[in-house]
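**Q** So that we are looking at the same thing, I have put the structure below in structure tokens.
The values are calculated or read from the model by the stated rules, or taken from the named source; none is laboratory data. What you see is a predicted model, and the numbers here were worked out from it, not measured in a lab. Heads up, the Cβs are rebuilt from the backbone with ideal geometry, glycines too, and the neighbour counts pull from every protein chain shown.
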Amino acid sequence: MLRRVFFSTEKERDSLGKIIVNIVILIGVIGIGIYYSLKKIGLELDFSFVKQFQGRILDGFLLTFYISISSFVFSSLIGVVVFLFQRSNLIILRYFSLLYVKFIRGTPLIMQIYLFFYIIGTAWGIDNRFVAGVLILSIFEGAYIAEILRGSFESIDKNQIEIARAIGYTKKQTIKFVILPQLIVQTIPALTGQFASIIKDSSLLSIIAIIELTQTMREISSLNFKLFECYILLGVLYLVFTLPLSYISEKLERRFKYEN
């Protein structure tokens, strides 16, 4: 009986009842661990401040959402452009895309925030922090999206391109009917996951005083001195963003999964 509840093979699909039982037990074990950890250090959590600051928390939550959506749109555009540069016959564009991807992926986001906001942003008169934050995140995430596109393109069976040419497809027709459909299918799940990364990375914009969710909770904790409660709530609110995206990403991966 216990084996049926707690064990399953890779090919066996878990029933809803089995999933619920295991999740409840897991949450219970984690809850007990957290409870005894708090008790051991003598900490009693008090979330009564939420009602007092609910307006500010909601504003920070919505600003994080707006920053994330805007950054995802612009970083996707940057990623597409950089990917096209990588495939360009013009050498300088290929090396520009190479240097851009290497620099962005090889340096921490916090350094890039300081570099782009206080040096480049100041030099070009970008003093709107929302605009600056969106641009910084877009530039950072664009490199990763370009790599997602490159990896997806390289995974396409090259025989399909040769067959398309053999039956008389032009270059544009090959892209439209052969490459693009497969590229979209393979990148959508990864892009959904990348959106979740954008949401989490937006928390670092608090260092340039953008009053998004992390900065909001930091300010509230400085007023009521409830550091643990504020950051636990912060984690929960980010999970509200990211868990649905993770679920959607997994669904899309299973939906579009295929073998060459």
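**Q** Would you check if there is a residue in the stretch 107-127 being assigned by TED's automatic domain parsing to the domain that holds L63, assigned to a loop (DSSP other than H, G, I, E, B) and at pLDDT 90 or above?
**A** yes
**Q** Quick one: which of F72, F47 is among the aromatic types (F, W, Y) and touching an Asp or Glu at 6+ places or on another chain (Cβ under 6 Å)?
**A** F47
**Q** Please name all residue pairs, on different chains or six or more residues apart, with Cβ atoms under 8 Å, provided the first residue is in the stretch 85-108 and is under 17 Å from Y144 (Cα atoms) and the second residue is among the hydroxyl-bearing types (S, T, Y) and surrounded by fewer than 12 Cβ atoms within 10 Å (Cβ to Cβ).
**A** Going by the 8 Å Cβ cut-off, there are no qualifying pairs.
**Q** Would you pick out the residues in the stretch 157-178 that are of a type in the set (A, V, I, L, M) and either surrounded by fewer than 16 Cβ atoms within 10 Å (Cβ to Cβ) or at pLDDT 85 or above (or both)? Even if it seems obvious, please write down each step before you answer.
**A** So the first thing to find is which residues in the stretch 157-178 are of a type in the set (A, V, I, L, M), and the list is 161, 163-164, 166-167, 175, 178.
Once the filter is applied, which keeps residues that are of a type in the set (A, V, I, L, M) and either surrounded by fewer than 16 Cβ atoms within 10 Å (Cβ to Cβ) or at pLDDT 85 or above (or both), the stretch 157-178 yields I163, A166, I167, I175.
**Q** Residues being outside any helix (DSSP H, G or I) and either surrounded by 15 or more Cβ atoms within 10 Å (Cβ to Cβ) or not polar (S, T, N, Q) (or both): count how many of those fall in the stretch 34-74. Talk me through it step by step, then tell me what you get.
**A** Here is the first cut: in the stretch 34-74, the ones outside any helix (DSSP H, G or I) are 41-48, 53.
If we keep only those that are either surrounded by 15 or more Cβ atoms within 10 Å (Cβ to Cβ) or not polar (S, T, N, Q) (or both) too, we end up with 41-47, 53.
Looking only at that region, the number is 8.
**Q** Let me ask something else. How many residues does the stretch 179-201 contain that are more than 14 Å from the chain's Cα centre (by Cα) and either without any contact (Cβ under 8 Å) to a residue 40 or more places away in the chain or surrounded by fewer than 17 Cβ atoms within 10 Å (Cβ to Cβ) (or both)?
**A** Total meeting the criteria: 7.
**Q** Which fully enclosed helices (runs of 4 or more DSSP H) of the stretch 155-214 have 1 or more residues being among the hydrophobic types (A, V, I, L, M, F, W, C)? Working first, answer last.
**A** Values: elements: 158-166, 171-174, 180-201.
Passing ranges, in order: 158-166, 180-201.
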